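The structure under discussion appears below in the form of structure tokens.
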Amino acid sequence: MSCIRTSLLTTLFICLSFSELFSQQNVLLVRGGLDNASLNLTEALIPGGEYEMGDHFGFVDPSHPSDELPLHLVQVDSFQIAKTETTNNQFLAFLNSSLLKGQIEVKNNTIYPVGGTDIYGYTHQSASYYSIGYDGKVFSMADFRGNHPVVGVMWFGAAAFCNWLSEQNGLNTCYDLKTWVCDFTKNGYRLPTEAEWEYAGRGGQKSPYYNYPWGNDQDITKANWPGSGDPYESAGETSWPQTTPAGFYDGTLQLKTEFNWPGSATSYQTSNGANSFGLFDMAGNVWELINDWYGQNYYSISPKNNPTGPASGFIMPDGKAYRGMRGGNWYNGYSTTSVNDGHSRVSNRNPSYYRGPQDPNHPWYHVGFRVARKYSGTSTGIDIGENFPSGLSLLKNYPNPFQSATTIQFNLGKSENVSLTIYDSLGQLVATIVNRQLNDGPHLYQWNAGKYPPGIYSCRLQADDQLLINRMVLIK
């Protein structure tokens, strides 16, 4: 008997022989026993709201100019999104589970669905950049990057991971793995839409809009950008990809004894790069794949309510369409001397064709993803507060009293036309949060009251012929 920390389950630590350990993991993977807690996956709840999507700072990328304009109003419903990017360990668990179920196969060091041609990802045997290896029987970690964002993953593999994660948590899957169409009415995991990603990346900040998720400062201690000097970068090109662990830039002093990084430094002081929603790595580390096709001129025709991108993608120089990605990365996320300075701006858009100077044959060593799902009132890896009563209800906003922004919660017993408005103490309308038909179930929206004077306000929920009112106190 010996003590072994498994590379499949980062939170499982047991003393077994290797054969016993692997046998028990097989049973667990086949039965679907891996939930968010065992995968070390946590989420943030993003209250729905309205914002002006696009570039507020006049940046123009010559590779695809003006694709962040025109500025346009977007309304997104509440959703949940992972606080960090999907890690190698998390993706590894998905691969071994799918392998044991006979759902995937490896051909020429490339991962496919059985009998399919859509690429899920690449193994370490394909290129040393990729951390997950395959020996013909099982997938395993080939290097020290288990808690780093997964790279070498393609859009199809990210979508398939979302379906698997939904099944682990008892949620309805969103993707048809044959057509790759996403059913947004399901409560399972999916990739965030481009509108959701930018809304989440902005952290609720609108007055003024920020250039980066945390503000306007180009602070290399807040994100894994080129030139950051972090210990993974200092080891040089021999250690590519120069990713950092998910959530590494959290404001703490990181130690080599904890992370065993390849660089010689014994410690590295980070600043907190999380935005106000508590999301890490929304700038730098790896590009994050989104659900939407990339449409260069999509902003001029985008609908306001919950846009999901164009029906098909803009054709790139190689004659193919590509999905979008956001956030910049360790390789070309930031530079003070070139146009790459713009890649980690919160408004920046990029098709996954443009990954580097060898496009479209550049390695996928700086592209990953994080998961999202519609808000459904169920607790899976997050604390959503009090339970919603059935039928029509308007819950207390939180916080209350509040200084700048507050979250409003309500439930609908059926799909109906809804008006959620804010009135001041004189009975004057000051804000309309939502005014349209919504599906049944719980809903959350955020009211940013920073520009309004302190005082007592009323939140009014009008649903067909019923009116519910709550009192809110704004303080300064």
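Bear in mind these aren't lab numbers, they're just calculated from the coordinates by the rules spelled out. This is a predicted model, so every value here is computed, not measured. Using ideal geometry, Cβ is built from the backbone for each residue, glycine included, and neighbour counts are taken over all protein chains shown.
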So if each residue of separation counts as 0.36 nm, and I subtract the Cα-Cα distance between ASN108 and ASN400, what length gain in nm does that give? 99.3 nm
Please give the residues of the range 449-476, grouped as numeric ranges, whose backbone N is less than 20 Å from a label point set 7 Å along the Cα-to-Cβ vector of SER393. 459-472
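How high is the relative contact order of the range 132-242, in percent, with contacts defined as C-alpha pairs under 8 Å that are six or more residues apart?
Normalised by residue count, the contact order of the range 132-242 is 12 percent.
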Helix axis angle, 18-31 relative to the chain longest principal axis, alpha carbon, degrees: 40 degrees
In a shell of Cβ-Cβ distance under 14 Å around TRP240, excluding TRP240 itself, what net charge do Lys and Arg (+1) and Asp and Glu (-1) give? -2
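I want the local charge near ASP55. Using Cβ-Cβ distances under 12 Å, sum +1 for each Lys or Arg and -1 for each Asp or Glu among the other residues. Walk me through the numbers before you get to the answer.
Details: positive: ARG345, ARG349; negative: GLU52, ASP61, ASP67, GLU68, GLU198.
Taking every other residue near ASP55 into account, the sum is -3.
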Between ALA311 and GLN269, what is the FRET efficiency for a Förster distance of 45 Å, r being their Cβ-Cβ separation, to the nearest 0.05? 0.45
Under 20 Å from a point placed 7 Å out from the Cα of PHE184 along the Cα-to-Cβ direction: which residues of the range 193-231 have their backbone N that close? 193-204
Whole-Hz Karplus ³J(HN,Hα) for the range 442-451, in order, using 6.51 cos²θ - 1.76 cosθ + 1.60 and θ = phi - 60°, x for Gly and Pro? x, 9, 10, 9, 10, 10, 8, 9, x, 8
Taking θ = phi - 60°, what integer Hz values does the Karplus form 6.51 cos²θ - 1.76 cosθ + 1.60 yield along the range 261-277, in sequence order, with x for Gly and Pro? 6, x, x, 7, 4, 8, 8, 8, 8, 9, 9, 7, x, 6, 8, 6, 8
Counting only residues 5 or more places away or on other chains, whose amide H sits under 5 Å from the amide H of GLU105 once H atoms are built in the peptide plane? TYR112, VAL114
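Going by C-beta contacts inside 10 Å, put TRP261, TRP293 in order with the fewest on the left.
Working: TRP261 23, TRP293 20.
Lowest count first: TRP293, TRP261.
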The chain - mean residue ellipticity at 222 nm from DSSP helices (-39,500 (n - 2.57) per run, n ≥ 4, rounded to 500): -3500 deg cm²/dmol
Count the lysine pairs in the range 33-384 whose Cα atoms lie under 18 Å apart, taking only pairs 8 or more positions apart in sequence or on different chains. 9
Explain nothing, just compute: Karplus ³J(HN,Hα) = 6.51 cos²θ - 1.76 cosθ + 1.60, θ = phi - 60°, for every residue of the range 315-328 in order, whole Hz, x for Gly and Pro. 7, 8, x, 8, x, 10, 9, 10, 6, x, 8, 9, x, x
Cα centre as origin, Lys/Arg/Asp/Glu Cβ charges: the range 159-223 dipole, Debye: 80 debye
Each label point is 7 Å from the Cα along the Cα-to-Cβ direction; what then is the distance between the points at THR238 and THR221, in nm? 2.9 nm
Measuring from label point to label point, each 7 Å out along Cα→Cβ, what is the VAL60 to ARG471 span in nm? 5.5 nm
Counting Lys and Arg as +1 and Asp and Glu as -1, what is the net charge of the other residues whose Cβ lies under 10 Å from the Cβ of TYR112? -1
Test of understanding: ordering VAL138, VAL286, VAL418, VAL74 by Cβ neighbours within 10 Å, fewest first, what list do you get? VAL138, VAL418, VAL74, VAL286
Output the 0 to 90 degree angle, nearest 10, between the alpha-carbon long axis of helix 155-168 and the longest principal axis computed from the alpha carbons of the chain. 70 degrees
Let me check against my output: what whole-number percent is the relative contact order of the range 393-474, with C-alpha pairs under 8 Å and at least 6 apart? 35 percent
Output the peptides 99-105, 227-233 sorted from most to least packed, where packing is the average of other Cβ atoms within 10 Å over each peptide's residues. 227-233, 99-105
Report, by chain and number, residues whose modeled amide H sits under 5 Å from the one on HIS148, excluding near sequence neighbours (fewer than 5 apart, same chain). ASN88, ASN89, ALA246
Taking placed amide H atoms and a strict 5 Å upper bound, the residues 5 or more places from TYR294 or on another chain that come that close are PHE314, TYR322, ARG323, GLY324
Answer rounded, prolate or oblate for the range 33-384, using the Cα gyration tensor with square roots of eigenvalues a ≥ b ≥ c: rounded when a/c is under 1.5, else prolate when a/b is larger than b/c, else oblate. rounded
Ranked LEU426, LEU395, LEU468, LEU289, criterion: other C-beta atoms within 10 Å, fewest first: LEU426, LEU468, LEU395, LEU289
Label point distance in nm, LEU100-SER207, each placed 7 Å from Cα along Cα→Cβ: 5.3 nm
